[in-house]
Structures are given as C-alpha cells and as structure tokens.
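These notes concern the structure reproduced below.
None of the figures in this text is laboratory data; all of them are computed from the coordinates on show. Since the structure is predicted, the reported quantities are computational estimates derived from the model, not experimental observations. Quick reminder, even Gly has a Cβ in these numbers, built from the backbone with ideal geometry, and neighbours come from all protein chains shown.
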Amino acid sequence: MLLARSVVGLAGLCVAGALQAAVLALPAEGDLVGETVDVTATHDDTIIDLARRYGLGYEEVVNANPGVDPWLPGEGTMVRMPLRRILPDTPREGIVVNLPEHRLYYYPPAKPGEPRVVVTYPVSVGKMDWATPLGLTRIQTKIKDPSWTPPESVRREHAERGDILPKVIPPGPDNPLGLFAMRLAIPGGSYMIHGTNRPAGVGMQVTHGCMRLYPEHIEELFRMVAVDTPVRLVNQPQKVGVADGQLYVEVHPAMETTSAAVVRPDRTTLARLVANTARARPATGPILWETVESAFAERRGTPMSVAQSDTAH
C-alpha cells in the first residue's frame, strides 16, 4: 500500500498528485508492493501524459494495456496503471535497477522506529549496442547542474544524422543530463543515473547506457542517496513472488539488443522459478499452469496470481 511520506520520514519529496507517490511500504513477509489503479482517459490524454502523472514509464503502461491507442486512448477509455509489482530477486538494499522492467528501486536505510520502505521510479536504459552493463557497482559522485561531454562515439552517431554535437554541453535546459546526475563506479565508461531534458522518453530503451529519470524523480533520488550507495544492475524479465498466500508471476518483454548474453523470457526458466518458489512457500496451493503460460505469452509486466491457498484473500 502507499505510505504517507510524513510517516516514513522521507522529507522533501514532492509529487504532482497523491497517486504519483513512489514510497511503498516493504511487506514484513512477501514480495509484492503497490496497488494497480484503473483510470478513465479524457479526450486530451495520451499514454505519455498518464504515465508521467502516475509515476510510470511509457512502455510499462503500453504493455499493461494491449489494444489501447497510445497516442489517443479516447474519451472514457479505461487505462490500467500498473502500480503493483513484484520486487526483484536481489538484496533489499541500496539501488536496484531491473533493466527489462525499465524500473529503479531504492531501499533507504531503516530508521529507528520507522517501517522499511522502497522508493521506485521508471527509468530509460541503454539501447541495442549501447546496453547498460550488469553487475554490482556504487554511486561514485553526485553532480548538481552537470555539464555533458559526449563521447566521440556518440558525437559520430549524431553527426551521421546531421546533428553536430559540441564537445561540451554546459548546464542548462538543453543539457541531456538534466539538473542532477550520479556517476557510477563502472570502469571503462561514463555511466550515470541522471535527469533529462526530454521526459517523454522515460521508461524506454533509448539511452547510450545511462539510466534516465523524470526531472522530478531524479531531484528526489539525488537528495536521498549518498555517495558509495551500492547499485545493482540486473536483467530479470521474469519475476516470481508471494503475497497473502498467493503465488504471482510477472513477465516483461525482453530487452532489444544484439548481445547473445542477454536474459530473455523463457518458458523453462519461468516454470523452474514458479516450481522452486512454490516448494519454498508451501502455503500456496496447486499451480495454475495455464495462467503461467498466459503470463509468459502476454508479457504485460503486471503480477498475475497463479496459485493461492484456501485462506488467501
């Protein structure tokens, strides 16, 4: 469930509306957070508008609403906001970015007498041959009002399109890094978590390897996160979890990349994850394998219940 920000003590966070709140209570037991919301589109709404309004990325809203026109859903159309999700299978500490989910999770250090929470935001990630690297790293430096020095490879790519980039882009409204950036301690590259001057692209696979957040989100995260915070970059297109005696699966589309090493949704892997979780959590009942198959085939990126106990609610 959503937790009031004053309750969890994360001062300084501000959002456009209550439903955009990104601070979620960590369950004492289980793996799911948040609640899905269905909204009625107005005549002027687009999926990009609705996604940002609810703290979501473009692709996760499109995936959750097959058949809905992303540019003009239409007056009165019900659009699902996929605000419920299974937490990635990682230690619940520091920052975790699940690349195929296009989503960042931040687990703030627990404060005495306060419940543990997770703060989550949509992110853009690396495209095709510019894949965001995987593994464990850390926040190396934090930069307010950054300048951007485009790598020569990026300048060549832009030049081929007739777009000549300067060697250095100073801070300001035209800077692709936005107003805040956090550099990662990844050897051999300049990878950052940063803002953007093009928020419509947040939640897509469009960057040169960095992770891009909405301006309002990077400002929040920048204030909360300390230098040396661990950052885990993972590729988990299939997640399995338990909540209230029910077993859930969540499947996302694979990353678009030329790398043969990328993890892709796979029936055998998903079946093994489901079976292993069911064995580890015997409170759940028989597995509904047809529903597991539906989740795999549809890849909507939303949790689907595939088994429940007699006492589940």
Open item on the list: If packing is taken as the average number of other Cβ atoms within 10 Å across a peptide's residues, how do 40-51, 202-213 rank, most packed first?
Closed with: 202-213, 40-51
TODO: Compute the separation of the alpha-carbon centres of the stretch 15-85 and the stretch 90-109 and state it in Å as a whole number.
DONE: 19 Å
Open item on the list: So if I average 1/r over every pair of distinct C-alpha atoms in the stretch 181-313 and take the inverse, what Kirkwood radius in Å does that give?
Closed with: 17.4 Å
Open item on the list: 5 Å is the cut-off here: which amide hydrogens, built 1.01 Å from N in the peptide plane, fall below it relative to I139, excluding neighbours closer than 5 in sequence?
Closed with: D228, T229, V231
Open item on the list: I need the shape label for the stretch 189-230. Rule: rounded when a/c is under 1.5, else prolate if a/b > b/c, else oblate, with a, b, c from the alpha carbon gyration tensor.
Closed with: oblate
Open item on the list: Give the aspartates and glutamates reachable from K142 as a straight Cα distance under 15 Å; neighbours fewer than 8 places away on the same chain don't count.
Closed with: E219, E220, D228
